[in-house]
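What follows is a single structure, written as structure tokens, with notes after it.
Values quoted throughout were computed directly from the atomic coordinates according to the rules given, and no laboratory measurement underlies them. None of these values were measured; they are calculated from a predicted model. So basically every Cβ, Gly included, is an ideal-geometry build from the backbone, and we count neighbours across all protein chains shown.
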Amino acid sequence: MGTFALNYGENPQQGGFVTVDAGSQDPLAITRFTTPEGTPALNDAASMSWSTLKEFDTSLEVITRAAAAYEANTGEIPKMAMLTTHGCPFSAVAGASDSVIKLAIENEFRSTFGSFLVTNVDITEQTAYKIRQWMGQDRPFLGIAAPLIEPPAAAYFLRRKGKCHLLANPELRNLGRQALRQEVMSHAIRGATVSQQPNPFVPVFPPEWDASLKSDMSLAWGVCASSPSSCITVVKDNMLVANASGHVQRVTASENAVLHARLTKRTDMLKGAAACSDSYFSFADAFDHLARRKIKAIFATSGSVHDETVRSHAEQFDVLFHTVPDSQGRIFYGH
């Protein structure tokens, strides 16, 4: 174990520290990431904050969970780019080339400033040059994690104030179910530490679903499973359309997912999309907001006293409604 002082904590007026588990066997542990030059990433801890490391960890959770779902349902793991800010994934794209980074930036351009990017795309100097064009002037990332970041690429991510933290780990090329978090998760509360096993659940969608729907739902599930609850996530054509998380009522999450799509001029993408809920629909109204926008399929858990009411309501719409028991498939995250 070792402790490193951070630049600050969650806010500038708070001190911050990171304590390292030197015995961790996780191939995606922060201790396995290096700078582009090959030095340990945490050698630069003094320029990082609590938020830097939390955003990195959340982004890593998104890409590993999405990859596990893709592997389980499509047999292939695409190129992916995930952007996180304020502890919540807000842009995610999957595809066949480094253009996923371009699309992730454009998907939520106003929010990319100061966000953390994690990708399984190698950041060569050529790719870095393209990212610099895609980002636009003076819109730097907080950090980037990738399988490879070539040393000359670092010059493209300089910031006028602060630093873009560049973290490389070739294990990001080997994503899949085996890359899911395995070690116990802990959180400090007053006078104690609470710990839990990581969530092992990865969904397998109905075999009659077509390949594109399975692909969209895999990404939706990966994002939803890594977002603060209560969450509704919508994906179309391997692109995150809306991610509404942190709501007390699920109907509010559904409403905000639709509102978010409208504000970003993606209302037309709701039709035929895949939507994921991190738990069951307690009432039919939350389901109704999605179904009336002609969402193609909705994944949720079951376990509400109103399950039959929700199921009966779902039968009124041309929507595929797939559930698993809440005791097995609930994916609350970030409490």
* Asked: For the Cα atoms of the chain, what angle does the longest principal axis make with the long axis of helix 50-74, in degrees from 0 to 90, nearest 10?
  -> 50
* Under a plain spin-label model, where a point goes 7 Å from the Cα along Cα-to-Cβ, how far apart in nm are F317 and L263? -> 2.1
* For K214, list the lysines whose Cα falls under 18 Å from its own Cα; do not include residues on the same chain fewer than 8 positions away. => K79, K236, K271, K294, K296
* Asked: Which lysines have a Cα less than 23 Å from the Cα of K161, not counting those fewer than 8 places away in the same chain?
  -> K54, K130
* Asked: Do any cysteines in the chain lack another Cys Cβ under 4.7 Å, and if so which?
  -> C88, C164, C231
* Of the listed peptides 110-117, 182-189, what is their order by residue-averaged count of other C-beta atoms within 10 Å, with the highest listed first? -> 110-117, 182-189
* Ordered by residue, what ³J(HN,Hα) values in Hz, to whole numbers, does the range 27-42 give under the Karplus form 6.51 cos²θ - 1.76 cosθ + 1.60, where θ = phi - 60° and Gly and Pro are x? -> x, 10, 5, 4, 5, 8, 8, 10, 6, x, 7, x, 7, x, 4, 6
* Neighbouring Cβ atoms within 10 Å as the yardstick, rank H289, H86 fewest first. => H86, H289
* What are the ³J(HN,Hα) values, in whole Hz, obtained from phi via the Karplus relation 6.51 cos²θ - 1.76 cosθ + 1.60 with θ = phi - 60°, for each residue of the range 240-248 in sequence order, with x given for Gly and Pro? -> 5, 8, 7, 9, 10, 10, x, 9, 6
* How high is the FRET efficiency from R159 to F283, r the C-beta distance, R0 51 Å, rounded to 0.05? -> 0.65
* Asked: Measuring from centroid to centroid over Cα atoms, what is the spacing of the range 1-60 and the range 66-113 in Å?
  -> 23
* Output the antiparallel fraction of DSSP beta bridges having both residues in the range 205-329, as a percent to the nearest 5. => 50
* J(HN,Hα) series, the range 83-89, from Karplus relation 6.51 cos²θ - 1.76 cosθ + 1.60, nearest Hz, glycine and proline x -> 10, 10, 8, 6, x, 9, x
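Under the rule a/c < 1.5 gives rounded, and otherwise a/b versus b/c splits prolate from oblate, where does the range 205-329 land using the Cα gyration tensor?
Taking the square roots of the gyration eigenvalues as a ≥ b ≥ c, the range 205-329 is rounded.
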* To do: Collect residues whose amide H, placed 1.01 Å from N in the peptide plane, falls under 5 Å from the amide H of S91; neighbours closer than 5 in sequence don't count.
  => L83
* Computed [θ] at 222 nm, deg cm²/dmol, the chain (DSSP H ≥ 4; -39,500 (n - 2.57); rounded to nearest 500) -> -8500 deg cm²/dmol
